[in-house]
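Working notes for the structure below.
Values quoted throughout were computed directly from the atomic coordinates according to the rules given, and no laboratory measurement underlies them. Fair warning: this is a prediction, and the values are worked out from it, not measured in the lab. We place every Cβ from the backbone using ideal geometry, glycine too, and count neighbours over all the protein chains shown.
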Amino acid sequence: MLRAQIQWDSAARVLDIPLCSALYLDGEDNLYLIDKDKTTIFKYLSAFNYDSVQSLGGKSHRAEGFLEITDLDVTNRQTGYVLDRGRQRVSLIHPNLRVLEDMSLVGVATSDRNTNPEDLLVSRFAANSAGELFLLNLLDNRVYVLSSFGEWSLSFGGTDYGAGSIYQPAGIRLNQDNYLFISEPTRHHLLVFDIYGTFRYQVKTPESLNWTDFQLVGPYLLLKGKDEAGLLDTRSSKLLNISYPVQDVIDFSWGNGFVYFLTENQVHLYSVPTEE
């Protein structure tokens, strides 16, 4: 596996923010942050140079409040999705952070008992442009598909799925070609499926890289670790080693023009680096 190192310039911008636990970007490089308590979402608008912020949620025992936000999908420019593991539901949100619909994951209808989970523990999911949700169930290592009509329509994976067997899943993301990437960092690979549940191929990652999460960046896999990261070209297997330009990185994301590093009370914006 070919290796190279990237070189950082100085930070282009540093944003002061509340304490947050995760960072996401949409297609327009708007910045989404989940607060430390996992009850509030902040959206910083790129069109206003990140000086304008919106928020949704907060500590609340009311039905519209969030108890434990564990994942977002904001890849669709028209709508986004919020996974609230505490309330076992997914919320459909407008770009202005207004909730359009709440979809409970409890008591969902199904036409086939084989697609109906006995129990759910979902921390990660992905959504496609048709409104289908692909939910990674950590209790049986399967993916359950929630249709746009609010029914279970398909399930696949598990520990008895042949070459596509899933043993220790950590994350799931959907690329532009409608391929699902399911990460297994402890096994140093990602499994790739189409949206119908057919296993397609496996992407191996270097055993020397200690990563726990990932992001899809075009044909690249951004492999995120606590102290280091890597940018893996899936076409050539070339790996760019990433040394963090700031200390105590909580999360980071690769955008169109900047790379965004989340630290305590700040987001550091660095121009997309050049190869050394």
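Using the alpha carbon gyration tensor of the chain, what are the three equivalent-ellipsoid semi-axes (square root of 5 times each eigenvalue), largest first, in whole Å?
29, 25, 15
Full-extension gain between LEU100 and LEU45, please, as 0.36 nm times their residue separation minus the C-alpha to C-alpha distance.
Working it through step by step, the gained length comes to 17.8 nm.
Suppose we keep just the alpha-carbon trace of the stretch 54-171; what are its Rg and Dmax in angstrom?
Reported Rg and Dmax, both Å: 14.4, 45.
Want the number for ASP9 to GLU207: 0.36 nm per residue separation, take away the alpha-carbon distance, what's left?
Extending this stretch completely gives an extra 68.4 nm.
Beta carbons within 10 angstrom, averaged per residue: use that to sort the peptides 89-100, 164-175, 262-273, 6-17, highest first.
Per-residue mean Cβ counts within 10 Å order the peptides as 164-175, 262-273, 89-100, 6-17.
How much net charge surrounds PHE48 when only other residues with a Cβ under 15 Å from its Cβ are counted (Lys, Arg +1; Asp, Glu -1)?
Local charge sum for PHE48: -2.
Treating cross-link reach as a plain straight distance, find the lysines whose alpha-carbon is under 28 Å from the alpha-carbon of LYS224, omitting any fewer than eight places away in the same chain.
Result set, ordered by chain and number: LYS36, LYS38, LYS43, LYS204, LYS238.
Can you give me the Cα centroid spacing of the stretch 117-140 and the stretch 70-103 in angstrom?
After rounding, the separation between the Cα centres reads 13 Å.
If you wrap a convex hull around the Cα atoms of the stretch 188-276, how much volume per residue is inside, in Å³?
117
Fewest first, what order do THR234, THR205 take by the number of other Cβ atoms within 10 Å?
So the ranking, lowest neighbour count to highest, is THR234, THR205.
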